[in-house]
1. I'd like to know if the stretch 149-166 contains one or more residues that are of a type outside the set (Lys, Arg), modelled with pLDDT under 85 and part of a helix (DSSP H, G or I).
2. For the stretch 238-254, enumerate the residues that are of a type outside the set (A, V, I, L, M) and either part of a helix (DSSP H, G or I) or closer than 18 Å to LEU173 by Cα (or both).
3. What is the one condition in (1) part of a helix (DSSP H, G or I); (2) surrounded by 18 or more Cβ atoms within 10 Å (Cβ to Cβ); (3) in contact with a Gly (Cβ under 8 Å, 6 or more places away or on another chain) that ASN20 does not satisfy?
4. Here is a list: ALA216, ALA295. Which entry is more than 19 Å from ALA167 (Cα to Cα) and surrounded by 16 or more Cβ atoms within 10 Å (Cβ to Cβ)?
5. What about ARG229, is it surrounded by fewer than 20 Cβ atoms within 10 Å (Cβ to Cβ), outside the structural domain of GLN153 (by TED's automatic domain parsing) and either more than 22 Å from SER303 (Cβ to Cβ) or in contact (Cβ under 8 Å) with a residue 24 or more places away in the chain (or both)?
6. For VAL109, state whether it is closer than 11 Å to VAL84 by Cα, aliphatic (A, V, I, L, M) and either at pLDDT 85 or above or not assigned by TED's automatic domain parsing to the domain that holds PHE172 (or both).
7. Looking at the stretch 205-237, which of its residues are in a helix (DSSP H, G or I) and over 18 Å from GLY42 (Cβ atoms)?
Amino acid sequence: MTDTSHHAPFAQRFEQVVANVARVIQGKEPVIRQAVVCLLSGGHLLVEDVPGVGKTTLARALAHSVDLSWNRIQFTPDLLPTDVTGVTIYNQSTAAFEFRHGPIFANVVVADEINRASPKTQSALLEVMEEGTVTTDAVIYPVPQPFMVIATQNPIDMEGTYLLPEAQLDRFLMRISVGYPAPEAEAMVLRTQKDNATVDQLSSVMALRELDAMIADAKTVQVAPVLERYIVAISRHTREAPEVRLGVSPRGSLALLKASRTTAAAAGRSFVTPEDVKVMAPSVLPHRIILQPEAELQGHTPSEVVVRALQTVPVPRRADA
C-alpha cells in the first residue's frame, strides 16, 4: 500500500516546478525531474553536454521557477577567484576596507563552462560549494540559503580546458546530460519558435520559504536499515571492481541516500524503495568513479561500473524493507 498521506503536497509542488521548466525545455522531462530532485536535495548539479542542447536554459529555468536570486558566471581561463567570490577594496570616503560581494552570492549560481577556469579559480568555488561560505581576509561571509551551483561543461571541445579535480566532482550531487531532443520535440521547437515561452517569460511557481520547507520535508523520508546497507553495498561494489582506480566515496553513498529520499517524496511516498535508489544511481555515482588507465583505453566507462553494481548487488525484498 502506498503511503501518500504526508508527502502528497510535496509531489504536487514537485510536478508544478517540472511542468514550469518543461515550458522552455521541450521533450526532456526525465532530465528536468533529475534537476528538480537535485535542487530539493540541497545539492549541486553538473550538466555535461555538447553546445546548443539547452544546458544553460535548464539552469536558468530552474532558478526562474522558484523565487530565487540567481547569477550567471561565464568561466574563462583568465577568470580570477575574486571575480567569483568578491574582493575587498579600500573606500576612500569612509577610510575603511569593504568587501564587495561577487556573483557567487545568490541562491542559484549558473557556472557556464566551468572547466575553462584555472584550477585556482575552481578551488575558490570548491570552498563555497562545500561550506556555503566565502573566506576573505580571515572574515567568513555566508552565501544565501538554499544555495545551488549548476555548472555546465562541454565534454567534446577540451582544448584550453582544465579537468575538474576529483574533489570538486565529488561536491556535485548529480551529473546529468541533456542530450539531443527527439525528432518530434525538435520539430515542435521549430514550429512554436515564434510563440514559445522563453526563460525570461517564466513566472515562479514556488516561493523561497516553500522550497526551504520541501528540502526539510525530503529529509524526513524514512530509509529502512536494509536500504542503507543496499546503498553501501552498491558503493563498495564500485570500489572493488578490477577496472576501477577510485570508487564511490562515502560522500557518494550519502548523496545517493539524499537523492533517493527526494525521489520517494516526489512520488508521494514517505519511505524509500530499492527502485528509488536504482533510478538515481546512474546520475549520482558515475562522476565519482575513476577508472584504471588501461580500462579507459579499452573503452570502459564509469557508468558501466554502476550498471554492473546495480545488476550484481541483491535487491532487498519488500519484506526485508
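1. Checked against the condition, which is being of a type outside the set (Lys, Arg), modelled with pLDDT under 85 and part of a helix (DSSP H, G or I), the stretch 149-166 yields at least one hit.
2. At the first step, the residues of the stretch 238-254 found to be of a type outside the set (A, V, I, L, M) are 238-240, 242-243, 245, 247, 249-253.
Of everything in the stretch 238-254, those that are of a type outside the set (A, V, I, L, M) and either part of a helix (DSSP H, G or I) or closer than 18 Å to LEU173 by Cα (or both) turn out to be THR238, ARG239, GLU240, GLY247, SER249, PRO250, ARG251, GLY252, SER253.
3. So ASN20 meets the others, but not (3).
4. Numbers: ALA216 fails: surrounded by 16 or more Cβ atoms within 10 Å (Cβ to Cβ).
It is ALA295.
5. Details: surrounded by fewer than 20 Cβ atoms within 10 Å (Cβ to Cβ): yes; outside the structural domain of GLN153 (by TED's automatic domain parsing): yes; either more than 22 Å from SER303 (Cβ to Cβ) or in contact (Cβ under 8 Å) with a residue 24 or more places away in the chain (or both): yes.
It is true that ARG229 is surrounded by fewer than 20 Cβ atoms within 10 Å (Cβ to Cβ), outside the structural domain of GLN153 (by TED's automatic domain parsing) and either more than 22 Å from SER303 (Cβ to Cβ) or in contact (Cβ under 8 Å) with a residue 24 or more places away in the chain (or both).
6. So VAL109 passes the test.
7. PRO225, VAL226, LEU227, GLU228, ARG229, TYR230, VAL232, ALA233, ILE234, SER235, ARG236, HIS237
Results for (1) closer than 26 Å to ILE32 by Cβ; (2) not aliphatic (A, V, I, L, M), shown as yes or no for each residue.
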site	(1), (2)
ILE89	no, no
PRO103	yes, yes
ILE114	yes, no
VAL134	no, no
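The values are calculated or read from the model by the stated rules, or taken from the named source; none is laboratory data. Because the structure is a prediction, the values reported are computed rather than measured. Neighbour counts are summed over all protein chains in view; Cβ atoms, including those assigned to glycine, are modelled from backbone coordinates with ideal geometry.
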